[in-house]
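Trainee: Got a structure for you, questions after.
The values are calculated or read from the model by the stated rules, or taken from the named source; none is laboratory data. These figures come from a predicted structure and were not determined experimentally. Every residue, glycine as well, gets a Cβ built from its backbone with ideal geometry; the counts of neighbours run over all protein chains shown.
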Amino acid sequence: MMVIDEKLAGLESRPVTVKITEERVRRFCEAIGVTYDGTVPPTFVGTLLGGTFPGLELPLQGVIHGAQDFTYHQPVNIGDTLSCTRRILKVFRREGKLGLMTFLVIETKGFDLAGELKFTSTSTIIIPQRGLEP
């Protein structure tokens, strides 16, 4: 297992291919409490961020979702097949109310089958030091 530190910057996930189906979008709309209108809600691509990093296991407990930004380069539509990859942009530590915390800034990109960039997402994951202990 890799140590979570600054040396992880630049690490990329394997691509994950996902088909955007009406059922997935409908279930997402139900989960967030919005009416399904046949379009893909802006935050839906947040569900596509499942690519893993080879050799890196993030703790499941105690992880805090810090921030998330989405940039759409083209609309994401039902029926699209997207290839998504993730890359760790930076890792840093900061002292806070919970003690020492490790921050991971992760970029996700989604491309259509023609290789056109559909979206970019940047998320910040915060891991309290106690979440990194065995």
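Trainee: Suppose we filter Thr35, Thr17, Thr43 for residues that are free of Cβ contacts under 8 Å to residues at least 12 places away in the same chain and among the polar types (S, T, N, Q); which single one remains?
Mentor: Going through Thr35, Thr17, Thr43 in turn, just one is free of Cβ contacts under 8 Å to residues at least 12 places away in the same chain and among the polar types (S, T, N, Q): Thr35.
Trainee: Moving to a separate point now. For Arg24, all conditions in the list (1) modelled with pLDDT of 90 or more; (2) under 24 Å from Thr124 (Cα atoms); (3) surrounded by 16 or more Cβ atoms within 10 Å (Cβ to Cβ) hold save one; what is the number of the exception?
Mentor: (2)
Trainee: Oh, and also: Tyr72 - would you say it is in contact with a helix residue (DSSP H, G or I) (Cβ under 8 Å, 6 or more places away or on another chain), without any contact (Cβ under 8 Å) to a residue 12 or more places away in the chain and farther than 29 Å from Gly96 by Cα? Lay out the reasoning, then the answer.
Mentor: Working: in contact with a helix residue (DSSP H, G or I) (Cβ under 8 Å, 6 or more places away or on another chain): yes; without any contact (Cβ under 8 Å) to a residue 12 or more places away in the chain: no; farther than 29 Å from Gly96 by Cα: yes.
Here the answer is no, as Tyr72 does not meet what is asked.
Trainee: Which is in contact with a His (Cβ under 8 Å, 6 or more places away or on another chain) and closer than 20 Å to Pro15 by Cα, of Thr108, Thr52, Thr71, Thr120? Please lay out each step first, then the result.
Mentor: On the way: Thr108 fails: in contact with a His (Cβ under 8 Å, 6 or more places away or on another chain); Thr52 fails: in contact with a His (Cβ under 8 Å, 6 or more places away or on another chain); Thr71 fails: in contact with a His (Cβ under 8 Å, 6 or more places away or on another chain).
Checking each option against the conditions leaves just Thr120.
This table checks each residue for (1) at pLDDT below 90; (2) aromatic (Phe, Trp, Tyr).
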residue: Glu12; (1), (2): no, no
residue: Lys19; (1), (2): no, no
residue: Tyr36; (1), (2): no, yes
residue: Thr39; (1), (2): no, no
residue: Gly51; (1), (2): yes, no
residue: Gly55; (1), (2): yes, no
residue: Val63; (1), (2): yes, no
residue: Gln68; (1), (2): no, no
residue: Thr71; (1), (2): no, no
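Trainee: In the set Val40, Val18, which member is of a type outside the set (Gly, Ala, Ser), surrounded by 12 or more Cβ atoms within 10 Å (Cβ to Cβ) and within 14 Å of the chain's Cα centre (by Cα)?
Mentor: Numbers: Val40 fails: within 14 Å of the chain's Cα centre (by Cα).
Checking each option against the conditions leaves just Val18.
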